[in-house]
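Data block below; observations after.
The values are calculated or read from the model by the stated rules, or taken from the named source; none is laboratory data. None of the values given here were measured: they were computed from a predicted structure. Positions of Cβ are generated from backbone atoms using ideal geometry, with glycine treated the same way; all protein chains shown enter the neighbour counts. Only protein heavy atoms, including side chains, enter the accessible area calculation; ligands, DNA and RNA are left aside. Shrake-Rupley method; radii C 1.70, N 1.55, O 1.52, S 1.80 Å.
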Amino acid sequence: MPYNLIEHFQNHINNTLPFLKNSKLLLAISGGLDSVILTYLCKQSSLNITLAHCNFNLRGIESDGDQKFVLDLADSLDLEIFTESFNTMAYAESNKESIQMAARTLRYDWFQELATQLGFDYILTAHHADDNLETFLINLTRGTGLEGLKGIPEVNDNIVRPLLPFSREIIEEFAVSNQILWREDSSNASTKYLRNKLRHDVIPVLKSLNRNVLTNFKNTLNNLNDTADIVEESVQAVLKRAIIDIDNTQISYKISEFIKVNNPKAYLYEIFKDYGFTQWTDIVNLLTAQSGKQVFSATHQLLKNRDTLILSELKTEDSQYDNETSVIINNFEDEVAVSLGILSFKTVEILEKSDSTTVFIDKEKLKLPLTVRHWKEGDYFYPLGMQGKKKLSKYFKDQKLSLLDKKKVLLLCSQDKIVWVINHRADDRFKVTNQTKSILKIKLS
């Protein structure tokens, strides 16, 4: 009996991703096989999808052909579609990024902007089982901890990948048997890039050696993710015993709690990896070093102080932002000067287009006085358009902010809640909804 992809896809949605059935979805479509088939599957499953296509202008007439193809496809399926054109080469040069990284940044930033402005609940991408194996092998060849071997997450904030359980072979068989056309990206044939080399030269060999390699790989990922949960639980147990004190400037850890575990290096790695440290042997040696010994990352320092390790953020002596005090806002009538510019407040009747310098807030959710301050370690917010909270340190890492850029970041706060990471992103808790009675426009100029 032939494999029924539509039936398996719908079962996967019903059993694993049921929240998609009543959600407003933005589907990223390139015109390639995977995203075209995801579009057909979602359409036939009656999911509420709108398409979004990026023209990166990297392949001349071929890129324009992709755009025309997806526009015609959207028309034939009676689907709404958004398109955006990028000067990817110029962006990559100005931001000193590879073409691949620049394209990734541009597309995901645009998807998130669309989701925020137009109220999409989730963004769908067409990553599948072969993509997952490729990513695993890339991380493996570059050297990684357990985190890098957990595979592509099926749900990551508001990004969802419904094709992840299905192989490229099954997807292509469905397209061919249903006479569905797609576009071939000529750059995918080149083995200049590591991912393509793995795709064309390595993975076919693995499949020839074991036809069940993707199934076995999925089982391995499940086991690794289960192990990661155990590791996290164990690390949190050690942290609970080890942390002596936390304040706005530092965290103090009891060294004896690290010494008594079987593998201190493993625990130290899991606890301090997000602070930029790489000298793990030196950090282990801190446990028995003389008081006063330090290890530095680009952003933090670990200090041995008698029987404790003290983690603190590095301060640059010449920074004009280190000692700046908070700004208090007592009303919405005046303009307020902050280090990044002038904040202005205006009550408006309708929701307008927002950008990094302008946000629209439900005014009744704010509690005066408001505060403008610099961020500190441990701060978190609920990024607009995403589910759940996120540490600012993780958000800045994802945004690839430099140490200096992070020092410049200002927060607009209502009581102890972040309303807006100014010049970056608003907080979902203060967004304008259908129940909003008064809209406050806040602008930095």
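Structural remarks
- Here residue 282 sits with roughly 80 square angstrom of accessible surface, probe radius 1.4 Å.
- FRET efficiency estimate (nearest 0.05) - Cβ-Cβ, residue 293 to residue 15, R0 45 angstrom: 0.25
- In percent, rounded to a whole number, the relative contact order of segment 292-445 is 28, using alpha-carbon pairs under 8 Å and six or more apart.
- Taking every C-alpha pair closer than 8 Å and separated by at least 6 residues, the mean separation divided by the residue count of the chain gives a relative contact order of 11 percent.
- Reachable lysines from residue 254, criterion Cα separation under 22 angstrom, eight or more residues apart if same chain: 240, 265, 273, 293, 304
- Cα centroid separation, segment 387-445 to segment 81-140 (Å): 22 Å
- Sites residue 353 and residue 215 - FRET efficiency at Förster radius 41 Å, r taken between beta-carbons, to 0.05: 0.30
- Exposed loop positions in the chain were taken to be GluC sites (Glu not before Pro) whose DSSP state is not H, G, I, E or B and which have at most 13 other beta-carbon atoms within 10 angstrom. Between these positions, the longest stretch is 185-316.
- Sparsely packed loop sites in segment 41-93 (the trypsin sites (Lys or Arg not before Pro) outside DSSP H, G, I, E and B with at most 16 other Cβ atoms within 10 Å) comprise 59.
- Length released on extending from residue 376 to residue 415, taking residue separation times 0.36 nm less the Cα-Cα span: 12.5 nm
- If you take all other residues with their beta carbon under 15 Å from the beta carbon of residue 88, and give Lys and Arg +1 and Asp and Glu -1, the sum is -4.
- Nitroxide proxy distance, nm - points 7 Å out along Cα→Cβ at residue 226 and residue 178: 3.4 nm
- In a simple Cβ point-charge model (Lys, Arg +1; Asp, Glu -1; nothing else charged), segment 62-129 has a dipole of about 320 debye relative to its Cα centre.
- Contact order normalised by residue count of segment 1-127, Cα under 8 Å, 6+ apart, percent: 30 percent
- Residue-count net charge about residue 233 - beta-carbon cut-off 12 Å; Lys, Arg +1, Asp, Glu -1: -3
- Residue 183 contributes about 80 Å² of solvent-accessible surface, heavy atoms of the protein only, 1.4 Å probe.
- Read-out Cα extents along the principal axes in Å, derived from the coordinates shown; its label in (i) 62, 57, 42; (ii) 90, 49, 45; (iii) 68, 61, 42: (iii)
- Where the chain is the region considered: accessible area per residue in Å², 1.4 Å probe: 54 Å²
- Where labels lie 7 Å past Cα in the beta-carbon direction, separation of residue 3 and residue 398 in nm: 3.2 nm
- Model label sites at residue 46 and residue 206, defined 7 Å from Cα along the beta-carbon direction, differ in position by 3.9 nm.
- Overall form of segment 84-154: oblate. Here a/c, set by the Cα gyration tensor axes a ≥ b ≥ c, is 1.5 or more, and a/b is not larger than b/c.
- On the chain, 48 percent of the accessible area sits on carbon and sulfur atoms, based on a 1.4 Å probe.
- Residues residue 331 and residue 196, FRET efficiency given R0 of 45 Å [Cβ-Cβ distance, rounded to 0.05]: 0.20
- Per-residue [θ]222 nm for the chain (sum of -39500 (n - 2.57) over DSSP H runs n ≥ 4, rounded to 500): -11500 deg cm²/dmol
- Solvent-accessible surface (1.4 angstrom probe) belonging to residue 300, in square angstrom, nearest 10: 20 Å²
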